[in-house]
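For reference, the structure is listed below as structure tokens.
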Amino acid sequence: MKEYKPRIADEQLKLKLEAFGATLIVGPKGCGKTTTAKQQAKSFIEFQDEDERENYLLIANTHPSDLLIGDKPRLFDEWQDAPKIWGAIRKDVDDSGEVGQYILTGSSSERIDTPHTGTLRISRMKMYPMSLYESKESNGAVSLQKLFDDPNSFSGCHSDLTIDGIKFAICRGGWPASLKGKTDKAKLEIAKDLFNQTCNVDISNIDNIKRNPLWARTLLKSYSRNLCTLAETKTIYGDVVSTCEMSKPVYYEYISGLEKLMIIEDIDAWCPSIRSKTAIRSSKKRNVIDPSIAAAALGVSPEYFAKDYKTLGFLFESLCIRDLKIYSSANNGTVSYYRDRYGLEADAVLHLDDGRYAIIEIKLGQSEVDEGAKHLCEIEKLIKKYNKEKKQIPLRLPDLKLVITGTQYGYRRDDDVFVIPLGSLKD
């Protein structure tokens, strides 16, 4: 039997099953939805099983409630192949009033319109590719949750993840299948294949509109060149139309398709009231679900970064954002960024659902740490100044100031900024 690497999503799914009758796991193709679901399912139906597929689909189309018979939780994999199962599950959850009955997983490459939303019956849960802690490349010496709960417990840390290891992790990505490769070269093939599948097949299948694979490749390549920047639409669109005859409406259709596939996932701006609205940048920061998509789109290998540390820095930021989203998911964490026209920035602002938050700078090398820490302290000073001058409800001060690095040593600075290697972080 294949060894299962525990996922942070395991606890999320457990909680969902304790609260709702059914749970739909959504996420990009290849992130491990089905494998994770099977760890808690007691029976399952796989609509892609060719030995049983014809029989399953016949039942699903004629009397779908028959497929609900089985030990619970019961998993329906690739449920979108038999969309009537959605209504049958919704009705059974209503009739029984029981929780933890069903799990649904399916490909993000197809959108299915259902007659009922499933609200309060079928809850959605989002999964990401694997974090560095889940893939065993972070030693997990620093718990993000513990750092929030007890900052004084931190006494330093050491990461075994080298710069070369970071380069490889970026290009390989967090796709579970990539960890099974017998060689490093084989492990790198998974993200490349996913990129090709996205452009050649999935971008058309998502809403059954035929699209040009070359245009999809060109768009994703341009997006990747602008990763973790505030590049405007006109910049990316201008880059695309320099080689493709794509109209503006068609450009937006392709972007929408890639968002539905959960390939593109931009970062929202955090807009506190510490400066005037015109001073704070509010546009989204460009990003993808996993930096390996960008590496594949750019056609680069780990060796390439030896001569391009600028691009490596942007992809490292994307890697950190991915892991921060995964680590904070247990507390419904949200990740945004802060930047104003005066040059003050925080690469990430991590909000937990209890109101606590961290302001974060992401710096690949040690030489950039001082600058990052300075930005974070300046933001904190701005909030203190705002609270002192305004008579309105004061803004909460950041609970943590973090600089996440690609270095090997973690420590706490005299200005109370924590310097944490990404290779030491966990949930």
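Want the number for SER247 to THR35: 0.36 nm per residue separation, take away the alpha-carbon distance, what's left?
Difference between extended and current length: 72.3 nm.
Tell me, what ³J(HN,Hα) does each residue in region 247-259 have, in order and in whole Hz, if you take phi through Karplus 6.51 cos²θ - 1.76 cosθ + 1.60 with θ = phi - 60° and put x for Gly and Pro?
6, 4, x, 5, 4, 5, 5, 5, 4, 4, x, 5, 6
In a Gaussian network model over the chain where Cα atoms closer than 10 Å are linked, find which of TYR411, TYR337, TYR133 has the largest mean-square fluctuation.
For the chain, modelled as a Gaussian network with Cα springs under 10 Å, the answer is TYR411.
Placing unit charges on C-beta atoms (Lys and Arg positive, Asp and Glu negative, everything else neutral), compute the dipole magnitude of region 85-203 about its Cα centre in debye, rounded to 20.
It works out to roughly 300 debye.
If you project the alpha carbons of the chain onto the principal axes, what extent comes out on each, in Å, largest first?
For the chain, the Cα spread along each principal axis is 67, 51, 47 Å.
Among LEU67, THR229, GLY30, which residue has its Cα furthest toward the positive end of the charge dipole of the chain, with +1 on Lys/Arg Cβ and -1 on Asp/Glu Cβ?
About the Cα centre, the residue reaching furthest to the positive side is THR229.
Quick one: putting +1 on the C-beta of Lys and Arg, -1 on the C-beta of Asp and Glu, what dipole do you get for region 212-367 around its Cα centre, in Debye to the nearest 20?
380
What fraction of the Cα pairs in region 88-145, stated in percent, has a spacing above 20 angstrom?
I get 50 percent for the Cα pairs in region 88-145 exceeding 20 Å.
Given contacts defined as C-alpha pairs under 8 Å and at least six residues apart, what's the relative contact order of the chain, whole-number percent?
Relative contact order here is 17 percent.
Between region 211-274 and region 339-395, what is the C-alpha centre distance in whole Å?
28
When DSSP beta bridges are limited to those with both residues in the chain, what percentage is antiparallel, rounded to the nearest 5?
Around 35 percent antiparallel, to the nearest 5.
Please state the charge dipole magnitude for the chain, taken about the Cα centre, from unit charges on C-beta atoms (+1 on K and R, -1 on D and E), reported in debye and rounded to the nearest 20.
So the magnitude is around 1180 debye.
Show the residues, 5+ positions off or on another chain, whose built amide H is closer than 5 Å to the amide H of PHE47.
ASP77
Given the -39500 (n - 2.57) contribution per DSSP H run of 4+ residues, what per-residue ellipticity at 222 nm results for the chain, rounded to the nearest 500 deg cm²/dmol? List each step's numbers first, then the result.
Working: 13 runs with 153 residues, N = 427.
Helix contribution divided over all residues of the chain: -11000 deg cm²/dmol.
Report the FRET efficiency, 1/(1 + (r/R0)^6), for GLN366 and GLU98, where r is their Cβ-Cβ distance and R0 is 41 Å, rounded to 0.05.
Details: r = 55 Å, r/R0 = 1.33.
Here the calculated transfer efficiency is 0.15.
For LYS72, which lysines qualify as cross-link partners when the Cα separation must be under 20 Å and same-chain residues fewer than eight apart are set aside?
LYS14, LYS16, LYS33, LYS38, LYS42, LYS84, LYS91
DSSP loop GluC sites (Glu not before Pro) in region 1-72 with at most 15 other Cβ atoms within 10 Å of their Cβ, which ones? Intermediate values should be presented prior to the final figure.
Details: sites: GLU3, GLU11, GLU18, GLU46, GLU50, GLU52, GLU54; in loops: GLU3, GLU50, GLU52.
Qualifying residues, ordered by number: GLU3, GLU50, GLU52.
For region 9-126, restrict the atom set to alpha-carbon positions and state the Rg and Dmax in Å.
Radius of gyration, then largest Cα-Cα span, for region 9-126: 12.9, 36 Å.
Using r as the Cβ-Cβ distance of ARG275 and THR119, and R0 as 41 Å, what FRET efficiency do you calculate, to the nearest 0.05?
Using R0 = 41 Å, I get an efficiency of 0.60.
FYI, it's all coordinate maths here, none of it is from the lab. Treat the numbers as computed from the prediction; the structure is a model and nothing was measured. Quick reminder, even Gly has a Cβ in these numbers, built from the backbone with ideal geometry, and neighbours come from all protein chains shown.
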